[in-house]
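Below is one structure, written out as structure tokens; the observations come after it.
The values are calculated or read from the model by the stated rules, or taken from the named source; none is laboratory data. Only a predicted model underlies this, so the values are computations on that prediction, with no experimental measurement involved. Reconstructed Cβ throughout: ideal geometry from the backbone, glycine too, with neighbour counts over all protein chains shown.
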């Protein structure tokens, strides 16, 4: 009987060890899961803070630049027109500032034209200087610019005719006509 008792005790001890190991494995798995959850939560919070704070300061910077440029042109006597998408079909007889997301000028302009927009397309004739502050300026095939173009842009694409010089800062000047003026300054 003593052999049976000792076997039973050994068997009971043997069976209790896997339970301890199971508990250790479950405990380690829970710790790992909690650690990863906290890490992911921290990354989400940091991402939201970074995007929110960065987005806010980016918005403020752009907004301040637009206000600064707008004031510069208003001080020069430009009339101001704002809107999300501006499509100008009528002729304009005074120097005008257009502020919007997209500006399309189909009419003829007797004075200077200033545009603060992401994209500007000029389809008509401009007797004066074109001032552009934004991402992309396109001078369309039927357009003629009698004066200069003063830009602060990512790209300038010319399909039409520019009689003056292209001055300012831009990354890309794509002259589709192949008649870039000698006084043009690239990539400043």
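Annotations
- Residue check for residue 107: outside any helix (DSSP H, G or I), surrounded by fewer than 20 Cβ atoms within 10 Å (Cβ to Cβ), touching a strand residue (DSSP E or B) at 6+ places or on another chain (Cβ under 9 Å) and in contact (Cβ under 8 Å) with a residue 24 or more places away in the chain: no
Here's the yes/no breakdown for (1) touching a helix residue (DSSP H, G or I) at 6+ places or on another chain (Cβ under 8 Å); (2) over 22 Å from residue 142 (Cα atoms); (3) at pLDDT below 95; (4) surrounded by fewer than 16 Cβ atoms within 10 Å (Cβ to Cβ):
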{"residue": "69", "(1), (2), (3), (4)": "no, yes, yes, no"}
{"residue": "72", "(1), (2), (3), (4)": "no, yes, yes, yes"}
{"residue": "76", "(1), (2), (3), (4)": "no, yes, yes, yes"}
{"residue": "81", "(1), (2), (3), (4)": "no, yes, yes, yes"}
{"residue": "88", "(1), (2), (3), (4)": "no, no, yes, no"}
{"residue": "93", "(1), (2), (3), (4)": "no, no, yes, yes"}
{"residue": "98", "(1), (2), (3), (4)": "no, no, no, no"}
{"residue": "103", "(1), (2), (3), (4)": "no, no, no, no"}
